[in-house]
Every structure is written in structure tokens, then in C-alpha cells.
Amino acid sequence: MFLRLIYESFLRQKRRKLLAGAAILLGATAVTAMLTIGVSVGNKMSREMKAYGANIVVAPAADALDVEVGGVPLRPAHSGEYLKQSDLAKIKQIFWHNNIENISPELPLTAQIEIGQTIRQVPVVGYWFHHALDVGGESYTVGAIGLHPWWRLDGTWPRDGSRSEIAIGETLARRLQLQKGDRIEVEQTPVTISGIVSGGNAANRTLLVPLALAQQWLHRPGAVRRVYVSALTKPEDALGRSNPATLSPKMRERWYCSAYPNSIAYQIQQALPHSRAEQIRRIAQGEGKILSHISGLMWLVALAALVASGLAVAASMATAIAERHQEIGLMRALGASHGAIAGLFFTEVTLLAAAATIPGYFLGSFVADQVSQRIFGSGSGVIPALLPLTLLLIIGVSLIGGTPSILRAARTEPASVLRASV
Amino acid sequence: MKKSGSFLPLLIWRSLIHRPGRTAARLAALTVSATVATALLTVYASLDSKLNHEFRTFGANVVITAAGQDSRSSEGTPTELPDNALEAARHAAGSQSLVVPFAYGIAQMQSGAPIVVAGTDVKAAEQMNRWWQIHEVAAAPTDPDAATQSGAVGLVPALAGVQAKKALGSNRFKLFYGGQPLAFETSRTLQTGGAEDSRVYLPLDAFARWTGTRMTALEIQIPGSAQEVQAAIARLRKALPEAEVQPIHQLIAAQAGVASRTRSLLLSSVLLISLTISVCVLASLGASVLERRRDYAVMKAMGATERRVELLFLAEVVLLAMAGLGCGYALGSGIADLIGEINFHTSIAPLWQVAVAAAILNLTIGLIAALIPLKALRMLKPASLLQGH
């Protein structure tokens, strides 16, 4: 009888059920969309912030002091220690390997450039421009171009294996009166200027050459001076700022398994022999602060959406139940108990909320995906874990919204209701 | 006509207080829509200023050096800026900008190894570069050698980068510039993960007395959007034609990208939530108007014209919408301020423009919610409505 009453209620009150269901569906759509955006915004924004460049730098542990002003190295070319190029793949094998977005080794030196009869000393930096890094059978594209999206190029980038192509910073090119396509001799090697680079403050004043060519000029095959790493990290909190050596084993494991800039740097340092890895605080701290504020804002907006949707759904449920006071009066007149009426309405509300939330969840996921695609160029997809959460939230607010009306309805005196409707 | 006109407010008032529960439900729905719209639009309107404030975390976004900086002295010291550069830059960059002078040089440690020394207003540099991590170091036993050998120049307080400190060893050390010694004492070290770690920072006037170089670079933090920063750069270039004004492209480009994406994301969220809430409220209000079909039929049966009955219904909705706006605007502004305090640690002031937008939204919702059911009721005969059809 109970099931039949519910079945008949849905069958005979299609308009009312559709109206209440539509309100729940829209509420579920807003909640799902905002939760999906809230969950995915951290990673999306973190990727967006890769435009700031590397957030971790790796240098030889026993390296001499950096002697550079305005990004231009002034240290004698052959001094200091080096890292091995062959070790760099290990960076993509650490625990947080999936968070390593880019790796860009650099080898600075000072080279002799011969233009006509004039010989000058110019700063040179060897890079991987667009390098295929093989790690355990998989190939990843890494290098300086991806790490410096603000660089602008007139021409083409030198090929990574090339020994005859170089790029030149626009300030240096202007000073030396060089143009794209010019052939010059650097360290007695004839090279062609394939492109002129602008937009990079230090790069504007240097020659940008393939790493192998810089190693050849420095007579250091397989050597790199520094490695810049761009990693997806989470904003630092008190634990992130801790010194792992002072932590208990349990906390140390938590620190190690969190994508803090310091813990990723620590793992890189462990993976690369004789290296010193540390966060570039200007980028890592700025990124972390802005990221936490943007994520926090989106979570607060999601919370506002949840509360507002909850109120709207609750109001719809209250209205839908209040409309049925005559029916309730009739049921009471026919002998239905308070508990039976309340049970019937609670079941109806739960079924309606569940039935409307499922399409609302998919609609919300679709809306979030479209928003994400439009703003970030990549979708957010469907997050299955949000379905039970949305179901719980929407059923919860529907029941909360409907409860006062259900209880009031259950307490109704049948005679007064039936008399009022005559 | 006059009599019925004065009767209308009384009728509206009676209608509103006759069923206080129903009126309260409708008022609550319109308050929710106004609250959500006010809160989200206020946060959206203040987002740019909040984000621009956050971008200050990255430090200087413009660097000024002397033109032809690449022609350095034999010791690698960059060319000096003209004396008036600091004042001119402060004036051109605007009062909100932070301008910090720097002078760089290459000194030698006692071992003869080179080290970069930088003269600056250390306090201002710390204020601009909030990402600098400063560690206090334990006071070392006095090294009388360094103090006595410093001669007339004295013991200069220094901020040493962590790598520089490691290379120098003691808290008190001596550096040489062009053969001229200077003794330093450091009580703090600096860690950044960048070139600063290998430098020793000292007050600008002490640097000038020691090296004869006054100022080689100005680092400027210009607050505001990418467009405002570009405008300030143009002013700086005009004010200092002999200097090279270089924006730090990575910061300016990334700031524009992040700000624009955050703005789009929040706007999408505002539209999505407002639309959803509006439709929910619309459905709820529409149902409550339909619920009053008997009132409509009684009034029609008693001879009221269709226009007058509709006017009564619409006036009620307008009153409720405006009352909802009043409550919602106050509540929404409070929520926006709370979001600002929680997330950005600064308040977000209410904006009158947002009240106008929320009023338009609330009135639109209210009127649509009343007009659609009224159109449906208009098609029905009063007699059939009173019979319960």
C-alpha cells in the first residue's frame, strides 16, 4: 500500500513533481559544477602559473658562488662544479615524477665571437630547447622554450643536436649589429643565427646555443651547470616549511608525500648525486600564495553556491508540500497516522531528490567541463567521487527544506483542512 | 476610481499579512537571490584590486639600468645611473610604487675568489621582496682581526646570502674592492634559491664610500593591472630617456594570464549560480502565485478588472522584491566582506552599482514569476476556478 501510494503520487502529480524536480536538478547542477571547479582549479591554476617559470633549481653541491649581475654570468668560464647531463632523467623518476612539468639544463660560458676582423667576448648559455627526454621507455618533451613562455623569437629555434645553429638575444644582436641568417664564428666554429630572442631580460644579452655545442666549446662533454625544474606544487603550510630532519618519522612521511616545493626539491637532491636542489622562493612562494587565495576564493564561492542552492531547493520542497494540504487532510480523515504521512512524504522527497540529482550531477559536470575548456583550454571531466557527495548534500537539504512542511502537514486536523477546501 | 486607488495599498497590505508564512517564504526566496547576486558580484568587482595586491608577492616587475649596460668595467661593475634617476623614477612610477636603488660590484674574498656585493636600502629591499627568507644567525665570538684591519671604514652591517655566508665562514669577514678592504658583520642570512644567495648586501651609502659607485639599478614594484604597469613603464621611459627601462616580462605576462583566467572563472561561477538560483526562485514564486488562483477568481467574480487584479499581484511582487533586495544587499555585502577577510585578509566594501544590478535581477525574477502564472490564470473562467478546476 505504501509503495503504491508513492507510485500513484508520482504518476498523478506530474506537474508538481516536475517543478520540484526541476528546482532540485538546477540546484544539483550548480553544486556539482562549483564543486568540480573547486576541485580542479588548483591544478589548472598551478599549470597557468608555470608561465612564471621554474620553481626549483638544481646546482652542484660543491659549486662555487654564483657571480652574476642582472642574469649575466661573470664567473670565469672553467671554474666551479658541474652536474651530469646523463643524470637528468632521474628527475622524472622521483616519487612526484608526475608533477614534474619541465626540466631545463643550462651551461653558461663566455665565448669569443669573431665578426669581420673584430673579436669580442660574449656571454653564452647552452640549453635544451625542445628536447625529447627518454625515461623508462617513455619520451617527454622538455627544455627552455616551454620553461620560458615569455620569450619571443624572430626566426627559428636552433635544433637541439645542431652544431651550426644558434639564437641571439636582441640587445646583444643590436650591439653587435647582427641579424637573423648572419653567419659568424664563435670559438672558431662557423654558426648561423637562426633566430633573434626578445622578452627575456637576461636572454636578451646572451647567445643561446644548443647544450651540446656549449659543452663542446667548454670542453666539458655531458656537463651542465644548473638545472631549472618546473613542478606542480601545493602551497606551503606550516608542515611544508618544516625541516624534515626535525620531524617525527610519521610527519616526515607526510611531508615527503606532499607536493611541497621543498619536498620535491629534497627528492630531486636525493636522486641526483652531488647536487643541491632548492625552491626558487620568488616563484614558489608567489605561486603558492596566489594559488591558495584563488583556490580559497573558488571554494568559498562553491560554498555560497551550496548554501544558496540548498535554500532554493528547500524553498521548492516546502512549497511543493504546502500545496498538498488537502491531500494530507484526506489521508488523515481516512485514518493515516502522523508517522505514516511523514514517512510517505520523506520517502517521496528522498526519491525525488535522488532522481533529480543524478541528471543534475551530469549536467553540472558538463557545465564545469565547458567552463574549464573555455577558460583553461582543457576540460575538467566527470569526477565520480562527487556523485555520492552531491547526492548526500541535495537529499540532505531537500529533507531539511521539506521537514517543517511535512511535520506541519502531519499535525494537520483533517476536518479543518477539508472544510477549508469546500 | 479614486476610492479604489486608495483601497489598493490596503488590499496589498492585507494580502501580505493574511498568510504570513507564504509571504515570508516568498520574501526569503527573493532575499536569497539578492544575497547571492550581491555577494558574488561584489567579490567579482573587487577581484582585480585583490589579485593585483597579491601579485606584489613577486617583487619588482620593472628594472632600470643604464643604457648600454653590457659595456661593463673591467671588474664587471655595471654602469652607473644618473644622480636624479631615483627621484625621477619615484615621480614617474607613482606614489603607490616601491622604488629600491641597487648598486652592484664584484669584490674579492680573502681567498681571492670573486663575490657579488650589492649596496641597497636593505629594509626597502626586504619590504619589496617578501619572498626573501631571512634567518637570524647566532652571534659569533668577536674576531678582533677583522675589526682592527678594517681601518677607518669601520665594521659594516651586512645581509649575507646563505651560499655567500658558507663561503665566507665567519659572521665577521673582510672583502676587497679594487684592493680597498672593508670589514663586515652579519647577523642575518638571506635564502632565496636565486642569485641573491651568493651575494652580500650592505647599505647603499657604505657601498658608495667603499666602491665609488652610487647606483647601478633601480628595481620597481608597480602595483596594478598589466595595462597600468605598461602605462607606468611608458612614463618611466619618458622620464629617464638615457636609461634602459626593462619590464620583467615573465611576471607581467603571467599576471595578465592568471588575472584574466581567474576573472573569467569567477564570472562564469557568478552567472551559473545566479542563473540557477534565479530559476529555482522563479519556480518557487511561480508556484505560490498559482496557489492563489482562488483569490484571483474571487476578485474577478466580485467585478475587479483583469488589469486591476494583475496590478495587485505585480505590486505585491515588486514590494517583496524590493524588501528582499534590502535584506539581500545587506546580507550579501556582509558575505562578500567575510569572503574578503577569510581569503584575502582585507575587507571588501559594498558597491552601490551592485545594488542596482541586484535590484534589476530581483525585479526581473519577481515580475517573470508573477506574469507567467497570471497569463495562465487569465485563460481560466472564475467559475471553473472556484469550482476547483
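Just so it is clear, none of the values below were taken in a lab; they were calculated from the coordinates. Fair warning: this is a prediction, and the values are worked out from it, not measured in the lab. Neighbour counts are summed over all protein chains in view; Cβ atoms, including those assigned to glycine, are modelled from backbone coordinates with ideal geometry.
Quick notes
- The angle between the Cα long axis of helix B:352-378 and the longest principal axis of the Cα atoms of chain B comes to about 30 degrees, rounded to the nearest 10.
- Fewest-first ranking of A:90, B:300, using other Cβ atoms within 10 Å as the exposure measure: A:90, B:300
- Across peptide A:302-310, the mean count of Cβ atoms from other chains lying within 10 Å of each residue's own Cβ comes to 6.
- Net charge dipole size for the stretch A:269-422 [Lys, Arg +1 and Asp, Glu -1 on Cβ; Debye, nearest 20]: 340 debye
- Among A:261, A:210, A:404, the residue with the largest mean-square fluctuation in a Gaussian network model of chain A, with springs joining Cα atoms closer than 10 Å, is A:404.
- 10 Å Cβ neighbours from other chains, averaged over peptide B:257-265: 6
- Degrees, to the nearest 10: A:14-48 long Cα axis against longest axis of chain A: 20 degrees
- Axis of helix A:261-271 versus longest Cα principal axis of chain A: the two differ by about 50°, to the nearest ten degrees.
- Electrostatic dipole magnitude of the stretch A:132-194 [Cβ: Lys, Arg +1; Asp, Glu -1; Cα centre; debye, to 20]: 300 debye
- Protection proxy ranking of B:168-178, A:279-289 - average other beta-carbon atoms within 10 Å, highest first: A:279-289, B:168-178
- Here the 3J(HN,Hα) profile of the stretch A:117-124, calculated from phi with Karplus coefficients 6.51, -1.76 and 1.60 at θ = phi - 60°, is 9, 9, 10, 10, 9, 10, x, 10 Hz, Gly and Pro shown as x.
- Residues whose amide H lies under 5 Å from that of residue A:81, counting only those 5 or more places away or on a different chain, are A:64; hydrogens are built 1.01 Å from N in the peptide plane.
- The protection proxy used here, the mean number of other Cβ atoms lying within 10 Å of each residue, ranks peptides B:159-167, A:43-51 as follows, highest first: B:159-167, A:43-51.
- The dipole here belongs to the stretch A:41-197: it is taken about the Cα centre, uses +1 on the Cβ of Lys and Arg and -1 on the Cβ of Asp and Glu, and is about 320 debye.
- Plainly put, the protein assembly as shown has a radius of gyration that is 1.13 times its Kirkwood radius, both from alpha-carbon atoms, as the Rg/Rh ratio.
- Three-way shape label, the stretch A:264-422, alpha-carbon gyration tensor, a/c 1.5: prolate
- Ranked by the mean number of other Cβ atoms within 10 Å of their residues, highest first, the peptides B:270-277, A:266-273 come out as B:270-277, A:266-273.
- Take every Cα pair under 8 Å whose residues are at least 6 apart in sequence, average their separation, divide by the length of chain B, and the relative contact order is 28 percent.
- With neighbour counts taken as other beta-carbon atoms within 10 Å, the residues B:238, A:92, A:84 rank, fewest first, as B:238, A:84, A:92.
- Take each residue in A:287-293, count the other chain C-beta atoms within 10 Å of its C-beta, and the mean is 5.
- Report summary: the helix-based calculation at 222 nm, which adds -39500 (n - 2.57) for every DSSP H run with n ≥ 4 and divides by the residues of the protein assembly as shown, gives -17500 deg cm²/dmol.
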